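The values are calculated or read from the model by the stated rules, or taken from the named source; none is laboratory data. Because the structure is a prediction, the values reported are computed rather than measured. When we count neighbours, we look across all protein chains shown, and the Cβ atoms used for this are built from the backbone with ideal geometry, even at glycine.
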Amino acid sequence: MLRFVFTDINDNEISVTDVISLSINIEEDVPADDMKAKFSYFECDELKSVVVYSDDEIVFTGVIDEQQLIKDIKGEYVNIVARSLAALLLDNESMPIGYTNPSVNMIYNRHLSPLGIKLKEESSKAFFGTLLVLKGDSDYNTVQNFSKKAFGGSVRVNEKGELCFPDEKEGEPLLFSDNTQGINYFSYSENIRRCDEISSVKIKLLNRTGYDTQVVNVGAQSRGITRQRYLDAYKTDTPAVYAQKMIDNSKKKAFVLSLSCMGRHLNILNRNARVCDSVYGDTDKLYVSALRYSLSDKGEYTVVSLKRKGG
């Protein structure tokens, strides 16, 4: 059962279970998850936040963006639009400053704690160097830039409203299949987008006049893909690493496997995955890159998007 616990501007809690329709969208490249819900009318003041439970498991924690009361010939309703707590990081501007050797604790105290966002796990990690916060940078930009320098990857605010730094732990892959094993799906769509994949990046090193260093996507070239890019080394301290990331990102964009699954499958973003299909065979070394959950009078289902790990 789904249960919505709203908090109003007077800090009163209201628990609601009578939801008519619901959609929750979660994507790896979109910082804030979003939720849209329609309820039979319930009495409430102005609402400011919501926590959504699936039975006893939290599947969404967020702030209310829009609250709408509707009355028509069919009845009276409350419509809610909300975003996860990452919205607070996106919507607030950081004070321009230059941090020297910033630590997780420093970033937490300056940019997360004032917004009520907690850390999933404490860390003593620090970035030894200067982190510049420019005028107009959001708190999300600041925390993200710190994460990339200190952890080498992106941050994520999870379903409980906790900020997660990159985790290198490898979990057991989820199994998706069109039979009785694992998570079952009723629709399979595999999309290979050759137009998105880069075959090589040529680099102009500092104090050099030409683009005479190259990072090659051997797999793309062997498949007849020719799509070249150029990179000036002054744009990054590690041009070869940056060029490889350009290639890896293009490889991720070039393959998406979408599965429509019956039921509610939320807290699985970034989980390792493999697919066992009776027609197309097995595909492994995948991860969950996006989730689109929908509930209506037609039932409930989740569209799960999978990409290849490491491109």
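No other residue among Val16, Val59, Val63 is in contact with a helix residue (DSSP H, G or I) (Cβ under 7 Å, 6 or more places away or on another chain) and either surrounded by fewer than 17 Cβ atoms within 10 Å (Cβ to Cβ) or outside the structural domain of Asn270 (by TED's automatic domain parsing) (or both) apart from Val63.
When residues of region 201-232 are filtered for being touching a residue at least 40 places away in the same chain (Cβ under 8 Å) and under 28 Å from Leu286 (Cβ atoms), how many remain?
Our first condition is that a residue be touching a residue at least 40 places away in the same chain (Cβ under 8 Å); within region 201-232, this holds for 201, 203.
Of the ones still in play, those that are also under 28 Å from Leu286 (Cβ atoms) are 201.
Residues meeting the conditions: 1.
The listed residues are Thr209, Thr236, Thr226, and the only one of them that is within 27 Å of the chain's Cα centre (by Cα), surrounded by fewer than 16 Cβ atoms within 10 Å (Cβ to Cβ) and outside the structural domain of Ser296 (by TED's automatic domain parsing) turns out to be Thr236. Just for region 247-280: of the residues that are over 30 Å from Arg227 (Cα atoms) and of a type in the set (Gly, Ala, Ser), which one is modelled with the highest pLDDT? Residue satisfying both the conditions and the ranking: Ser260.
Do we have Thr180 as exposed (fewer than 12 other Cβ atoms within 10 Å of the Cβ), in the same structural domain as Arg264 (by TED's automatic domain parsing) and over 27 Å from the mean Cα position of the chain (by Cα) here?
On the way: exposed (fewer than 12 other Cβ atoms within 10 Å of the Cβ): yes; in the same structural domain as Arg264 (by TED's automatic domain parsing): yes; over 27 Å from the mean Cα position of the chain (by Cα): yes.
In short, yes.
If you go through region 146-177 one residue at a time, how many are of a type in the set (S, T, N, Q), surrounded by fewer than 21 Cβ atoms within 10 Å (Cβ to Cβ) and either without any contact (Cβ under 8 Å) to a residue 40 or more places away in the chain or in a loop (DSSP other than H, G, I, E, B) (or both)? Steps first, answer last, please.
Applying the first criterion (of a type in the set (S, T, N, Q)) to region 146-177 yields 147, 154, 158, 177.
Now restrict to residues that are surrounded by fewer than 21 Cβ atoms within 10 Å (Cβ to Cβ): 154, 158, 177.
Pick out the ones that are also either without any contact (Cβ under 8 Å) to a residue 40 or more places away in the chain or in a loop (DSSP other than H, G, I, E, B) (or both) and you get 154, 158.
Final tally of qualifying residues: 2.
Taking the criterion of being modelled with pLDDT of 90 or more and either polar (S, T, N, Q) or not in a loop (DSSP other than H, G, I, E, B) (or both), the residues of region 198-213 that qualify are Ser199, Ser200, Val201, Lys202, Ile203.
Scanning region 111-120 for residues that are in contact with a helix residue (DSSP H, G or I) (Cβ under 8 Å, 6 or more places away or on another chain) and outside any strand (DSSP E or B), we see that the one that is surrounded by the fewest Cβ atoms within 10 Å (Cβ to Cβ) is Gly116. Taken over region 19-39, residues that are surrounded by fewer than 15 Cβ atoms within 10 Å (Cβ to Cβ) and not acidic (Asp, Glu) amount to 2. Contact annotation: residue pairs with Cβ atoms under 9 Å, 6 or more positions apart or on different chains, pairing a residue in region 238-257 that is among the aliphatic types (A, V, I, L, M) and part of a helix (DSSP H, G or I) with a partner that is surrounded by fewer than 16 Cβ atoms within 10 Å (Cβ to Cβ) and at pLDDT below 85, are Ala243/Thr236.
Of all residues being in a loop (DSSP other than H, G, I, E, B) and out of contact with any Phe, Trp or Tyr (no Cβ under 6 Å at 6 or more places or on another chain) in region 70-110, which is surrounded by the most Cβ atoms within 10 Å (Cβ to Cβ)? Just the residue, please. Restricting to residues being in a loop (DSSP other than H, G, I, E, B) and out of contact with any Phe, Trp or Tyr (no Cβ under 6 Å at 6 or more places or on another chain), the top hit is Leu85.
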